[in-house]
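Shown next, in structure tokens, is the structure this report addresses.
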Amino acid sequence: MIKTQLNKISSPIKNELDEFALIFKKSMKSQIGLLDLITNFIIKQKGKKIRPLLVLLSAKICGGINERTYRGAVLVEMLHTATLVHDDIVDNADKRRGFPSINAIWKNKIAVLMGDYLLARGLTIALEGKDFDFLANITGAVKRMSEGELLQIQKTRKLDIDEETYFRVIADKTASLLETCCQIGAMSASENEEYHKNMHEFGANLGIAFQITDDILDYEGSSNIIGKPVGGDIREKKITLPLIFALKKVSADEGAKIKKLIKNVEKKGNVNEVIDFVHKQGGIDYARKVADEYILKAKKSLDIFPDSETKESLVNLVDFVVKRKN
């Protein structure tokens, strides 16, 4: 079902996506046998390719896909892949999307170096193409992603995250890269600054809706889009929007009781009790309502563009992000 939906969304750029896959594979080649072994493993496990899809669709709606667009798509996909490799090390994860992680197979030292290589390779491609505007955007995204992750860790330790902080975290951690994808795509195809601004806003709002939906799925899906089991955030002591809202609805004493369950999350039954609490207090419905508001903002950003198959695909991508069940 998901594959069918994504095939429909990518139909206006099917040939260009195939071309991107070839360029991406070629860009990963090196003269080091171990590097090539790992990059081939990565390429075989690549998932939905949402980020290059966004770069290509954003370029097409703004004027057309060109050589610079492909470099931008390769840059963001290499950066994204590098962050996933490093995340698995930090999280001590032995699987990603059901497949063994790089660190599980080749251990942490090689995984760290692999992530560093991917980041450096992406930046080198941009430098070779003199895509300095891309570099300004991507380095800003890397900075924000790191800040968002560190802020979340800081708040997780005290379990004191509020709604304002939550939105800052997800804007930096998740939305920053998606807005960069859209802006790089637009910049590669047009010099129209209004197009750049609107695609930036589209990506930012899409990214926030994407993350809120992912956080909802942690309470009700079979598994979410990044491959964690239900209750994964609770087990990691992450307080996300559904729980933030639920905690605001109850007394300080009851809130303290729920936080105590989270602190002792390894105890059997605690995760389910927290999930039941969030459902009972309307946390899921509230989070879904907020996600819908960001969806409307994302779609409104596209009003500046004439109707086309590409515009329809971007609208459908928005709907796919918030209506998915896993």
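The values are calculated or read from the model by the stated rules, or taken from the named source; none is laboratory data. Quick caveat, the model's predicted, so the values are computed rather than measured. Cβ: placed from backbone, ideal geometry, glycine included. Neighbour counts: every protein chain shown.
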* Structure fact -> Looking across region 252-266 at residues that are of a type in the set (A, V, I, L, M) and part of a helix (DSSP H, G or I), the single one that is surrounded by the fewest Cβ atoms within 10 Å (Cβ to Cβ) is Ala252
* Structure fact -> Given the conditions (1) in contact with a Phe, Trp or Tyr (Cβ under 8 Å, 6 or more places away or on another chain); (2) within 29 Å of Phe132 (Cβ to Cβ), every one holds for Gln31 apart from (1)
* Answer yes if at least one residue in region 5-22 is more than 15 Å from Leu57 (Cβ to Cβ), of a type in the set (Ser, Thr, Tyr) and either touching a Lys or Arg at 6+ places or on another chain (Cβ under 9 Å) or part of a helix (DSSP H, G or I) (or both), and no otherwise. => no
* Asked: Does region 35-70 hold any residues that are at pLDDT 90 or above and among the aliphatic types (A, V, I, L, M), and which are they?
  -> Leu37, Leu53, Leu54, Val55, Leu56, Leu57, Ala59, Ile61, Ile65
* To do: Looking for whichever is at pLDDT 95 or above and acidic (Asp, Glu) here; the options are Asp214, Asp253, Asp233, Asp172. Which one fits?
  => Asp172
* **Search result, residues across region 24-64 that are in contact with a Pro (Cβ under 7 Å, 6 or more places away or on another chain) and over 30 Å from Phe305 (Cβ atoms)** => none
* To do: Restrict the check to region 37-52 and report whether at least one residue is touching a residue at least 12 places away in the same chain (Cβ under 8 Å), in contact with a Phe, Trp or Tyr (Cβ under 6 Å, 6 or more places away or on another chain) and closer than 20 Å to Leu177 by Cα.
  => yes
* To do: Would you check if Glu19 is without any contact (Cβ under 8 Å) to a residue 60 or more places away in the chain, buried (at least 20 other Cβ atoms within 10 Å of the Cβ) and under 24 Å from Glu309 (Cβ atoms)?
  => no
* **Condition check for Gln31: under 20 Å from the mean Cα position of the chain (by Cα) and either surrounded by fewer than 15 Cβ atoms within 10 Å (Cβ to Cβ) or at pLDDT below 90 (or both)** => no
* Among the numbered criteria (1) over 30 Å from Gln31 (Cβ atoms); (2) touching a residue at least 60 places away in the same chain (Cβ under 8 Å); (3) within 18 Å of the chain's Cα centre (by Cα), which single criterion is violated by Val142? -> (1)
* To do: Output yes when any residue across region 206-218 is over 16 Å from the mean Cα position of the chain (by Cα) and surrounded by 24 or more Cβ atoms within 10 Å (Cβ to Cβ), and no when none is.
  => no
